[in-house]
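Okay, structure first, notes after.
The values are calculated or read from the model by the stated rules, or taken from the named source; none is laboratory data. All figures in this text were calculated on a predicted structure; none of them were measured in a lab. All Cβ positions, even for glycine, are placed from backbone atoms using ideal geometry, and neighbour counts span all protein chains on display. All accessible areas refer to the heavy atoms of the entire protein, side chains included, with ligands and DNA or RNA removed. Shrake-Rupley method; radii C 1.70, N 1.55, O 1.52, S 1.80 Å.
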Amino acid sequence: MSQASQRLTIFSGIQPSGMLTLGHIAGALRNWVALQYDYRCFFCIVDLHALTVRQVPANLRRWTLDCAAMYLAAGIDPAQATIFVQSHVPAHAELAWVLSTFTGFGEASRMTQFKEKSEQHAHNVNVGLFAYPILMAADILLYQTNLVPVGEDQKQHLELTRDLAQRFNNAYSPTFTIPEPYIPKYGARLMSLQDPRKKMSKSDPNHNATIFLADDNDAIRRKIQRAVTDSGTTIEYDPDNRPGISNLIEIYHLATGDPIEQIVEHYRTASYATFKAAVADALVAYLEPVRTRFFQIRDDEAFLADLLVRGAREAAQVANRTLQKVYRKVGLWSPKD
Ligand code: ATP
Ligand code: LTN
């Protein structure tokens, strides 16, 4: 067996439903990059998931390529990892159908993301939004995934994925690897700069709430300077009681790699204005090279198309093997029977 095939597997994905944000680096991309040389990695652009919210077709197409370019700009090495678009590998939707027949209605109704998104999109609470975590389970289980690096909000979906895998394995015979979440200690939930009790999101209508990875230096500085904090006077890390300032400390940590304790020690008595200026400087220095690489890579659509076609081919080989096993176990007839 070659070394590559002995490595454990990682799967993760991001929806191409807007320009990616600092939250995606903090909760996902940074860890994908750190783990990519030790694992067999599949990094997916989950476009079918994005359909659960009504999309402008031209935007969805554009954001799909943006997303691929951003994976590379953030440091994913295409020689190591397989990068592909979910809808290019039909096995995802097919396994999701089978898994949906193993999912309880009540179980799916308890997903907090479904409850939140149904409130946000009250005019379009569609069945796809309800089935969203089942498609996510299919994404993960098709690749016999060991580890799923995600932000904190995805923990509950991972639990459902594990439950479904176990249920199927128990009903038939071992079929799926049971995946573990990989959630970072800091940056697992970067908060909105305008309302630090809410997650930073690419779809927030208030653009001042979110650092987009294509924001220029002026926009980054302006957004950090305007970030909502509290009326305290010390720089302390206390996410429950001081969420605004704690979020800025996490952003500083993300941008510099300095330990949280050291940052707090250094800035404890600084004014909020001084600390915000330091956060803005650090973030500009951190994001500028990512943005420059992004625009270079994004310019070459032929290269991106080639990468994604190859990625889908590689992914389909692995995915189809699992899907065929599942079809056989549940009793779907095939001419080979
Ligand atoms: P949106 O940003 O539009 O709310 P989303 O979070 O629902 O999107 P994706 O964009 O698909 O969904 O997120 C993909 C990955 O990025 C997930 O692992 C998620 O946990 C992580 N992520 C997204 N936003 C943040 C954030 N603010 N902090 C930490 N991780 C995040
Ligand atoms: N639901 C995730 C995106 C996602 C995902 C996945 C993440 C879809 N399929 C598989 C990890 C593994 C979200 O963050 N909204």
- Task: Report yes if ASN208 is touching a residue at least 40 places away in the same chain (Cβ under 8 Å) and within 27 Å of VAL290 (Cα to Cα), otherwise no.
- Result: no
- Give the residues of region 10-34 that are open to solvent by 20 Å² or more (accessible area, probe 1.4 Å) and either over 22 Å from LEU48 (Cα atoms) or away from ligand 2 (no atom under 14 Å from the Cβ) (or both), sorted by residue number. MET19, ARG30, VAL33, ALA34
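From the list THR52, THR64, pick out the single residue that is in contact with a Phe, Trp or Tyr (Cβ under 6 Å, 6 or more places away or on another chain) and within 15 Å of ligand 2 (Cβ to nearest atom).
Details: THR64 fails: in contact with a Phe, Trp or Tyr (Cβ under 6 Å, 6 or more places away or on another chain).
Exactly one of THR52, THR64 is in contact with a Phe, Trp or Tyr (Cβ under 6 Å, 6 or more places away or on another chain) and within 15 Å of ligand 2 (Cβ to nearest atom), namely THR52.
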- Item | Conditions (1) open to solvent by 70 Å² or more (accessible area, probe 1.4 Å); (2) under 15 Å from ASP215 (Cβ atoms); (3) among the small types (Gly, Ala, Ser): number failed by ALA302 | (2)
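Out of the helices (runs of 4 or more DSSP H) lying entirely within region 77-169, which hold 3 or more residues that are buried (at least 17 other Cβ atoms within 10 Å of the Cβ)? Give the steps one after another, and end with the answer.
Details: elements: 91-100, 105-109, 112-120, 127-142.
Helices (runs of 4 or more DSSP H) meeting the threshold: 91-100, 127-142.
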- What number of residues within region 198-209 satisfy the criterion of being more than 8 Å from ligand 1 (Cβ to nearest atom) and in contact with a strand residue (DSSP E or B) (Cβ under 7 Å, 6 or more places away or on another chain)? 1
- Just a yes or no: is a residue in region 143-164 within 13 Å of ligand 1 (Cβ to nearest atom), modelled with pLDDT of 95 or more, touching a Ser or Thr at 6+ places or on another chain (Cβ under 6 Å) and of a type in the set (Phe, Trp, Tyr)? no
- Item | Among residues of region 206-255, those that are more than 22 Å from the chain's Cα centre (by Cα), acidic (Asp, Glu) and under 30 Å from TRP63 (Cβ atoms), counted | 2
- Item | helices (runs of 4 or more DSSP H) contained entirely in region 180-274, each with at least 2 residues that are open to solvent by less than 50 Å² (accessible area, probe 1.4 Å) and closer than 30 Å to MET136 by Cα | 243-256
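To keep it simple, each residue is scored yes or no on (1) away from ligand 1 (no atom under 11 Å from the Cβ); (2) touching a residue at least 60 places away in the same chain (Cβ under 8 Å).
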{"position": "LEU20", "(1), (2)": "no, yes"}
{"position": "GLY23", "(1), (2)": "no, yes"}
{"position": "LEU35", "(1), (2)": "yes, yes"}
{"position": "CYS41", "(1), (2)": "yes, no"}
{"position": "ASP47", "(1), (2)": "no, no"}
{"position": "LEU72", "(1), (2)": "yes, yes"}
{"position": "ALA79", "(1), (2)": "yes, no"}
{"position": "GLU94", "(1), (2)": "yes, yes"}
{"position": "LEU99", "(1), (2)": "yes, yes"}
- Item | Condition check for ARG7: open to solvent by 50 Å² or more (accessible area, probe 1.4 Å), in contact with a helix residue (DSSP H, G or I) (Cβ under 9 Å, 6 or more places away or on another chain) and either among the polar types (S, T, N, Q) or more than 9 Å from ligand 1 (Cβ to nearest atom) (or both) | no
- Could you give me the residue pairs with C-beta distances under 8 Å whose first residue belongs to region 275-295 and is under 20 Å from VAL33 (Cβ atoms) and open to solvent by less than 20 Å² (accessible area, probe 1.4 Å), whose second residue is at pLDDT 95 or above and outside any helix (DSSP H, G or I) wherever it lies, and which are 6+ apart or on separate chains? LEU283/ILE211; LEU287/ILE211; LEU287/LEU213; LEU287/ASP215; VAL290/ALA74; VAL290/LEU213; PHE294/LEU213; PHE294/ALA214
